[in-house]
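A short worksheet on the structure shown next.
The values are calculated or read from the model by the stated rules, or taken from the named source; none is laboratory data. Being a predicted model, the structure only gives us computed values, none of them experimental. Note that we place each Cβ from the backbone using ideal geometry, even for glycine, and neighbour counts take in every protein chain shown. Protein only, heavy atoms only, side chains kept; ligands, DNA and RNA dropped before computing areas. Shrake-Rupley method; radii C 1.70, N 1.55, O 1.52, S 1.80 Å.
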Amino acid sequence: MSRPSDHIDSRSPITKDSARGSAPITQPSLGVVGYVRFFWRQLTSMRTALFLLLLLAVGAVPGSLVPQRSSDPNGVLQYFTANPRLAPILDSIQAFDVYSSAWFSAIYLLLFISLIGCVIPRSVHHFRALRAKPPQTPARLERLEAYELVNVAPANVPAGGAAIAIDAARRILRRSGYRVRVFHGAAGDLSVSAERGYTRETGNLVFHTALIGVLISVGIGGGFGYSGQKVIVAGDSFANVLLSYESFLPGRFFNETSLEPYRLSLDSFTASYERTNRAAYGMAIDYSAKVTTFLPDASGKLTSGIPGEIKVNEPLRLGGNDIYLLGNGYAPIITVRDASGKVAFHNAVPFLPQDANLTSIGVIKVPDALPKQIGMIGFFYPSKTQLMTGASTSNYPDLVNPVLSLQVYTGDLGLDGGIPRSVYSLNTDKLVKIAGRNVATPSIELSPGQTSPLPGGVGSVTFENATPKAPVNDLSKSVPRFVSLDIHRDPSQAWVLAFAILVLGGLLTSLFIPRRRVWVKASESADGALRLEYAGLARGDDPTLVKAVQEIAERHGRGLGIPTDTAAGFSDEESSATEPADANSADAKFTDANFTDAEFSAGEPTVAESSADARA
Amino acid sequence: MIELVFPSVVAVWSAMGIYTLAFIGFTLDLAKRSAWAQQQKEKNPLLAGELASAQRSDQARSQGSVADELAGQGSVAQGSVAQGSARRAAGSGGTAVLDRTSTASGAPQPLSLRLERIAFSLTVLAWLVHLTSVILRGLAQGHVPWSNMFEFSLTSSAIIVGVFIAVQVWQNLKFLGAYITGFALIVLGVGTVNFYVDIKPLPPALQSAWLVIHVFVAILGTSFFSLGAGLSLVQLLQARTAGVPARALRFLQTMPKAEVLENLAYRVIVVGFVFWTFTLIAGAIWAERAWGRYWGWDTKEVWTFIIWTIFAGYLHARATRGWRGARSAWLAIIGFAAVMFNFTVVNLFFKGLHAYSGL
Ligand code: HEM
């Protein structure tokens, strides 16, 4: 349905005045209140809304061109390294935080203020319009967009004549959702005036209001949530307290007591890979983490566990928490003995996957080794193979030929300075490489179960086999898996969804419900014949209007038992468009005067003025 | 059912062949329309516009109230009059061919209309073959055929043409045939030549009912936006050549007036907008399930939002003084360009979570 011309944003009063040639263009000085009102009018005008919408679209573009701190912090670091000159300049205009930047926020806040300023007066108007009665039946219906005429011969006129006919029409229209009102014409005719489609404006208002709802729920509700990341190796468990998270991002209003007290253990993790389709050989086709959750009972003790499963598209909903499976990899179990033969390190170390075949990198820090601390950077290949270049890589993500390759350093790991260090990186500045590339001893290569002495007698390293009892050539479970879980709480989510559904519902209603008026007029002539007229008018061009009026006429005729052959006037000729009634028959036209909802903002010229314009 | 892959590929190429023929047909039709418009004007300069409307009178009859919209260069405005002129024309020999209904009585058609009809039939045929290919691809891999860029090209072009064909029931928009078949050919050609990938199982991230819903609705939205952009394009051309009948692009004289095109574009885009709104919401729901947040300003999300905002702007423009007509038409075209950008450049060159190009 397209919009009618009467719906176009009104002209500025100045243009109007000068067009009429009456009021002078010079205006009295505005004063503070005047200026405030002036700006408010500007802000809530349709044109400003349009401008701000387009500005919002343009403003969103830069955030897709440069990496954003919120979604790609590493990308931002890389960008700084790659563009050392440009990056600080971009940073100064918040180009790496576009969606929380002052300027982007300004655009959408202005837009939403404009929206509020626009929705409130319209709602008031609409509320009044909802209780208004359908307008008087125009005198000359034949001038309307859709028109049907049926002349009923005296013999066929139903008992009761015009009164019965109008009563029937009223009932038909009512049943079709029209609001109706019966008029007694001056010429003794009876007519029913009907209007429907208020829902259209209601839908539009619901749509716009729900948009505000979305923004508010996102803005406020998001502050109460949090999100954290946790890496768990199969077999381990995790208690939901702040300390156990790898990283944690609290919302503005977050309070530590709102962490649900639960414990979650990762019982097993299975990944399946494609084996039959050669084009996709080794592609992951399923990840599944089997977990057990322990929730507190009435006394606060963690009860016996509830088994559950987490998959990529199937998060685990636990109380107010949602737990997502975001990543996985291998966590080789490594034991390091120092020079004295004492176990200085024994742990499953999560290695970060670098490619689809899970070639992974990990770091082992052994601060307790004596006499010197030991650090290692390791590559793990689940299925090791040699490239033509001689470099090693993995050619399948599962454990077919697992190999761990370690470069070993000794010296000061720099852990005592109180500076937090990532467990995934090793600062080698103060370390001496004792095994690896470019030193006498090459990297140490181990298969599960193997041990190798470290050069210089500093100790030994063992790559433990997690399933030592399995057959010798079955290494398929020899290295445990880890998963990285995202744990979120977002209390606003349900609100956002509810408002989003209202947005969609409002949109559908406002775009597809036609708003129209229909009149049925019955007049009896002296000879006892009955003249039935049906007419319709739509707001905007409404391709189904003619059909709708025809249908009403047909149903009405059938209901009254009028033989169809007497009902001339169902042909196209008669219903076809006649030039619309002249501007003076304003009672019949869908002008602003009748459709109050067309006034978007308080500041635009009043209805009467614009129809006066039309006449001028 | 890997053995279905080969027939699917054969079907793609066959469809492209037939689309090419249809495209040629539609283009020749445009050329003939130009020639025809010229001829009419030479014969009877005063009547040219009227005859243009007469040519469309069969529509005018079936459309009743929209009859006036279909008149050519603004002379005749009403269904009944248009019919009248067609009848009048029928009486005057040479122009009898203008009335389509006269085909039934055995009179020869103008070449233009015959070409259009042939081209449209070819389009339907190509589309059936195309659809077969989509279905075979889906059967071969056991999941919906829109999980990577090749499949997205394959399916979206099929749905775009499908929507174009279906829309004819509502409105005769065959004059967009060259645009739509040309567009489908490009999408299909680039998709098949540059983005082709063998069938693969669905990665865990895409194993969701939302893949079916979200992406399918996005394609539907895209189809309606593409029609809207086509109509807006013709609208702009029409507005530019209005009142200058002797100018180039004479075939425009056989097409609806700018205002009519604007209304048609609006109706089509409104449908697209509803689909797009749904896509946005469904995408957020899916993102929440798969990535743990419903909105994260991922590049793809950003562009989907930008497109949505542009079209919201378009809808507002239609209700804003001074923004109707050409300006809103430009917004419709820019919006569709953004859709295309989102699909091509953003998929291929921008980094983000939506890494499903399959390349
Ligand atoms: C967040 C910003 C906004 C968005 C996304 C938005 C979106 C939309 C959309 C999609 C429509 C067409 C659907 C319908 O008719 O319900 C629409 C219509 C409308 N909007 Fe907005 N809008 C926004 C802000 C505003 C503002 C600030 C105003 C007030 C100046 C406004 C006034 C209107 C009016 C009057 C209509 C009806 C226009 C018509 O009848 O065609 N909107 N809006």
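The residues of the stretch A:102-132 that are modelled with pLDDT of 90 or more and small (Gly, Ala, Ser), listed by number, are A:Ala102, A:Ser105, A:Ala106, A:Ser114, A:Gly117, A:Ser123.
Residue pairs whose Cβ atoms lie under 7 Å apart, sitting 6 or more positions apart in sequence or on different chains, and linking a residue in the stretch A:74-86 that is under 12 Å from A:Phe96 (Cβ atoms) to a partner that is open to solvent by 100 Å² or more (accessible area, probe 1.4 Å), are A:Gly75/B:Lys351. Within the stretch B:260-288, the set of residues being over 19 Å from A:Phe499 (Cβ atoms) and either facing chain A (nearest Cβ under 10 Å) or of a type in the set (Phe, Trp, Tyr) (or both) comprises B:Val260, B:Glu262, B:Asn263, B:Leu264, B:Ala265, B:Tyr266, B:Arg267, B:Val270, B:Val271, B:Phe275. Only residues that are open to solvent by 70 Å² or more (accessible area, probe 1.4 Å) and at pLDDT 85 or above were counted across the stretch A:251-269, and they come to 2.
The requirement of being out of contact with any strand residue (DSSP E or B) (no Cβ under 9 Å at 6 or more places or on another chain), assigned to a loop (DSSP other than H, G, I, E, B), in contact (Cβ under 8 Å) with a residue 24 or more places away in the chain and open to solvent by 10 Å² or more (accessible area, probe 1.4 Å) is satisfied by B:Gly296.
There is at least one residue in the stretch B:278-286 that is open to solvent by less than 10 Å² (accessible area, probe 1.4 Å), under 29 Å from A:Gly222 (Cβ atoms) and not polar (S, T, N, Q). Per the listing A:Leu497, A:Leu508, the residue uniquely under 30 Å from A:Ser258 (Cβ atoms) and either without any contact (Cβ under 8 Å) to a residue 24 or more places away in the chain or within 16 Å of the ligand (Cβ to nearest atom) (or both) is A:Leu497. Select from the stretch B:313-338 the residues that are within 8 Å of another protein chain (Cβ to nearest Cβ) and among the charged types (D, E, K, R) and write down the one among them that is nearest to B:Leu233 (Cα to Cα). For the stretch B:313-338, the residue satisfying everything is B:Arg324. No other residue among A:Ile232, A:Ile220, A:Ile216, A:Ile285 is without any contact (Cβ under 8 Å) to a residue 12 or more places away in the chain and either under 30 Å from A:Val400 (Cβ atoms) or outside any loop (DSSP other than H, G, I, E, B) (or both) apart from A:Ile216. The residues listed here are A:Ala169, A:Ala159, A:Ala153; of these, the one that is touching a helix residue (DSSP H, G or I) at 6+ places or on another chain (Cβ under 6 Å) and farther than 19 Å from A:Gly536 by Cβ is A:Ala153. Here A:Ala210, A:Ala234 are screened, and the one residue that is closer than 30 Å to A:Asn321 by Cβ, at pLDDT 90 or above, within 16 Å of the ligand (Cβ to nearest atom) and aliphatic (A, V, I, L, M) is A:Ala210. Pairs linking a residue in the stretch A:42-70 that is in contact (Cβ under 8 Å) with a residue 60 or more places away in the chain and at the interface with another protein chain (Cβ under 8 Å from one of its Cβ atoms) to a residue that is assigned to a loop (DSSP other than H, G, I, E, B) and among the hydrophobic types (A, V, I, L, M, F, W, C), with Cβ atoms under 8 Å and 6 or more positions apart or on different chains, are A:Met46/A:Phe600; A:Met46/B:Ala319. The residue of the stretch B:299-334 that is farthest from B:Ala258 (Cα to Cα), among those that are of a type in the set (Phe, Trp, Tyr) and crowded, with 21+ Cβ neighbours inside 10 Å, is B:Trp303. State whether the residues of the stretch A:110-126 include one that is more than 16 Å from the ligand (Cβ to nearest atom) and open to solvent by less than 50 Å² (accessible area, probe 1.4 Å). No.
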